[in-house]
Amino acid sequence: MATNLTPLEELFYQECLKAGNNGLTSTDFGGIHPDSPVMDTAIAMNSLLGRGFIEVFQVRGEQVYKALKKEEIGKAGALQGEEQVVYNTIRASGNEGIWTKHLKSKTNLHEAVIKRCLRALEQKALVKAIKSVKHPTRKLYMLMELTPSVEVTGGPWFTDQELDVDFVEQLTNQCYKYILMKSFPRDASCIFTSTHSAYPSAAMVRKYIMDKRISQVDLSVADITMLLDVLVYDGKVERFIAQVDEDWDDEDMDTDSDWVYKAVRDKKAESAWQDCPCGVCPVADFCTEGGPVNPAGCNYYNKWLDF
């Protein structure tokens, strides 16, 4: 690296890189170059810390040093002391963020010191405070350039940490209407054959929602699948495996795109005569009063009326 590091500093930095996330302790540094005086080792370590080449963490009460990648060197190097420790701990939390209470336990710093460091880091636009939908009363901190994870924000269904019930209901209803439209012929007296394969998948439902601009939020297939799962649990639609080729192996079914959805007919809208045994009787054509097959001695009727 063209970084003007001394040979000892370069050696320590490269060894830290090799250690990866496990990092190195002060004892490890002493073993890298045993012939180096303790003072020279300490100076090299402090120089790397001060210039942002390595960072320090508290792991089970012991300081552990980890190397930063080239693209990360610079921001931490401009910080000193407690601010650098707090910044590095926040950076390690990624896009999940870290609660101030957890920040205190990981850094072993006093609460007043942490608050002072957080104010300074926010003023330098290095970190930002966010709220979590899981823990609305907690203030989480993460790096300014990161986008909070779905676990933190709640995804597209939350607005300002509040579940947008109207938005969810509107999308769910639109998903159901689209699936219903694709599930049955326009002629209500007809049904699709068993070989019908044009039932919509989650990807098709998403395309319909986005093409119609029903949602101004860019929804993923996973987001739509969550809504379709609600419809399945409510008994409004059913999910089954799409029509596949003969050489298809069930081990290949690893995505939601392998499933399609069909609306369930509303039983309340159906006539009661549709449940009558006569509608499905295999010998209805021979059924006559006084004949060998007759309503009075019908086994189907007796079973149907036996509540």
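None of the figures in this text is laboratory data; all of them are computed from the coordinates on show. If you're wondering where the values come from, they're calculated on a predicted model, not measured in any experiment. With ideal geometry, Cβ positions are generated from the backbone for all residues, glycine too; neighbour counts draw on all protein chains shown.
When the trypsin sites (Lys or Arg not before Pro) in the stretch 149-188 are filtered for DSSP coil states and for at most 11 other beta-carbon atoms within 10 Å of their beta-carbon, the remaining sites are ARG186.
Residues of the stretch 38-60 with backbone nitrogen within less than 17 Å of a virtual label 7 Å along the Cα-to-Cβ line of ALA92, please, listed as ranges. Answer for the stretch 38-60: 49-50, 52-60. Modelled this way, with points 7 Å down the Cα-to-C-beta line, the labels at VAL168 and PHE192 are 2.9 nm from one another. Distance between the 7 Å Cα→Cβ label points at CYS278 and ALA203: 4.9 nm. Counting 0.36 nm for each residue step from LYS134 to PHE240 and taking away their Cα separation leaves a gain of 34.9 nm.
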